[in-house]
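A quick write-up on the structure given underneath.
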Amino acid sequence: MERRDPTIGQRIVQTRERKGWKQRTLATVTGIPVPTLNRIERGLQSVFAERMVTLARALDVSADYLLGLDENPTPRRRTPAASLPPRQPRTRTRRQSAVPTRPHTTAPVG
């Protein structure tokens, strides 16, 4: 089988072993089956975004680190919402009807 991305698998193995975890422990924590983890760690299976986030959170590292985009394994903490600038209210635009309307007229009776 062709190796997909050895960096992700290698970093998962290194981080998992640093925590003293076996694959079965990581599988239990993440809900990812052991055979799937095995293939991911060997670089034989791609990792979907949702699983990447799950693995990063379980291993307490950043997804960027697992992806090889950052050498610092420490996850960046989110900025507290209180320090973010207030959101601007969205302006609503009136949607045009797809069917043109005709003006209402009354025809003379009789």
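The values are calculated or read from the model by the stated rules, or taken from the named source; none is laboratory data. A quick note: this is a predicted structure, and the numbers were derived from the prediction, not measured. Positions of Cβ are backbone-derived with ideal geometry, glycine not excepted, and every protein chain shown enters the neighbour counts.
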Extreme residue, nearest to GLY31 (Cα to Cα), among residues of the stretch 53-74 that are hydroxyl-bearing (Ser, Thr, Tyr) and in a loop (DSSP other than H, G, I, E, B) = SER62
inquiry  = Please go through the stretch 35-57 and give me each residue that is surrounded by 13 or more Cβ atoms within 10 Å (Cβ to Cβ) and more than 14 Å from the chain's Cα centre (by Cα), ordered by number.
reply    = THR36, LEU37, ASN38, ARG39, ILE40, GLU41, ARG42, GLY43, LEU44, GLN45
ask   = For the subset of the stretch 32-48 comprising residues that are among the hydrophobic types (A, V, I, L, M, F, W, C) and either touching a Phe, Trp or Tyr at 6+ places or on another chain (Cβ under 7 Å) or in a helix (DSSP H, G or I) (or both), which member is farthest from GLN10 (Cα to Cα)?
value = VAL34
query = Which condition breaks for GLY9 when tested against (1) over 15 Å from ASP60 (Cα atoms); (2) of a type outside the set (Phe, Trp, Tyr); (3) at pLDDT below 95; (4) over 19 Å from the mean Cα position of the chain (by Cα)?
reply = (4)
task = Tell me which residues, restricted to the stretch 41-98, are in contact with a helix residue (DSSP H, G or I) (Cβ under 9 Å, 6 or more places away or on another chain), of a type in the set (A, V, I, L, M) and at pLDDT below 75.
result = none
